[in-house]
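Asker: What follows is a single structure, and I will ask about it in a moment.
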Amino acid sequence: MDLEKRDIDFMREAIRLAKKAESLGEVPIGAIIVHDNKVIARAYNTREKSQNALDHAEIKVIKKACEKLGTWRLNECTLYVTLEPCPMCSGAVIQSRVGRLVYGASDPKAGCTGSLMNLPADTRFNHNPEIVTDVLGDECGEMLTTFFRKIREKKKSSN
């Protein structure tokens, strides 16, 4: 299987997790980590339920992958996430040495892997993962747009 097809298949798994997050009232962002072509960790946002600012999908999935592999170095892993990582999550990608980052939709308001800045590509850091953008980006973006549109409509109808 070629890399592009594999990226699409794995992003579909991240989207499935994002939809699970949405069904729980969370922002629909899902993430998986793949090692040796196998999913070793899955996570989705739980920030609303936990009321913990650190409960982003990327942070949670990195923690799970480190536990699974017994190391904090994930240089042989690929992280798939439905939305471009924020500054905190981009930093976690760098610090955990994720070898490859693949994301769906860009985030013009908080994205730090290409939109506002590109932390993982900054050569001043001691690790720079390969970055692949816009894998099923339209589908990932539409999921988020629809979610936030529904929230705005609920707010309008309750006023």
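Asker: Note the direction-averaged projected area, equal to a quarter of the hull surface, for the Cα convex hull of segment 60-123, in nm². Show your work: numbers first, answer last.
Answerer: Numbers: hull surface 15.8 nm².
Averaged projected area of segment 60-123's Cα convex hull equals 4.0 nm².
Asker: Considering only segment 3-158, what is the antiparallel percent among its DSSP beta bridges, to the nearest 5? Show your work: numbers first, answer last.
Answerer: Values: 12 of 20 bridges.
Percentage antiparallel, nearest 5: 60.
Asker: I need the shape label for segment 23-86. Rule: rounded when a/c is under 1.5, else prolate if a/b > b/c, else oblate, with a, b, c from the alpha carbon gyration tensor.
Answerer: Values: a/c = 2.26, a/b = 1.79, b/c = 1.27.
Here segment 23-86 falls in the prolate category.
Asker: How high is the relative contact order of the chain? Use alpha-carbon pairs under 8 Å, at least six apart in sequence, and give a whole percent. Could you put the intermediate results ahead of the total?
Answerer: Working: 317 pairs, mean separation 29.3, N = 159.
18 percent.
Asker: Okay, moving on. Could you work out how far apart the two model spin labels at Lys155 and Lys49 are, taking each label as a point 7 Å from the Cα in the direction of the beta carbon, and quote it in nm?
Answerer: Each label point lies 7 Å from its Cα, and together they span 2.4 nm.
Asker: Show that you can apply the helix-only estimate: for the chain, add -39,500 (n - 2.57) for every DSSP H stretch of four or more residues, divide by all residues, and state [θ] at 222 nm to the nearest 500.
Answerer: The per-residue figure over the chain is -14000 deg cm²/dmol.
Asker: So with the 1.4 Å probe, I'd like the accessible area per residue for the chain, rounded to whole Å². Numbers along the way, then the final one.
Answerer: On the way: 8670 Å² over 159 residues.
Value returned for the chain: 55 Å² of accessible area per residue.
Asker: What's the whole-number percent of alpha carbon pairs in segment 3-158 lying beyond 22 angstrom? Can you show the working numbers first?
Answerer: On the way: 4295 of 12090 pairs.
Tail fraction, whole percent: 36.
Asker: Still on this structure: Is any helix in the chain, taking whole DSSP H runs, at least 27 angstrom long along its axis by alpha carbon and on average at least 0.5 on the Kyte-Doolittle scale, and which ones? Let's see the in-between values first.
Answerer: On the way: long enough: 3-23 (30 Å, -0.80); 137-158 (32 Å, -1.10).
What comes out of the filter, once short or polar helices are dropped, is none.
Asker: If you put +1 on each Lys and Arg Cβ and -1 on each Asp and Glu Cβ, how big is the dipole of the chain around its Cα centre, in Debye rounded to 20?
Answerer: Values: 25 positive and 22 negative charges, 142 e Å.
Approximately 680 debye in magnitude.
Asker: Oh, and also: Pairwise over distinct Cα atoms, reciprocal of the mean inverse distance: report the Kirkwood radius of segment 1-53 in Å, one decimal place. Each step should come with its number before you reach the end.
Answerer: On the way: mean 1/r = 0.0855 Å⁻¹.
Evaluated on segment 1-53, it is 11.7 Å.
The values are calculated or read from the model by the stated rules, or taken from the named source; none is laboratory data. In this text the structure is predicted, and so the values were computed from the model without any measurement. Note that each Cβ is placed from the backbone with ideal geometry, even for glycine, and that neighbours are counted across all protein chains shown. These area figures cover heavy atoms from the full protein model, side chains too; ligands, DNA and RNA do not enter into them. Shrake-Rupley method; radii C 1.70, N 1.55, O 1.52, S 1.80 Å.
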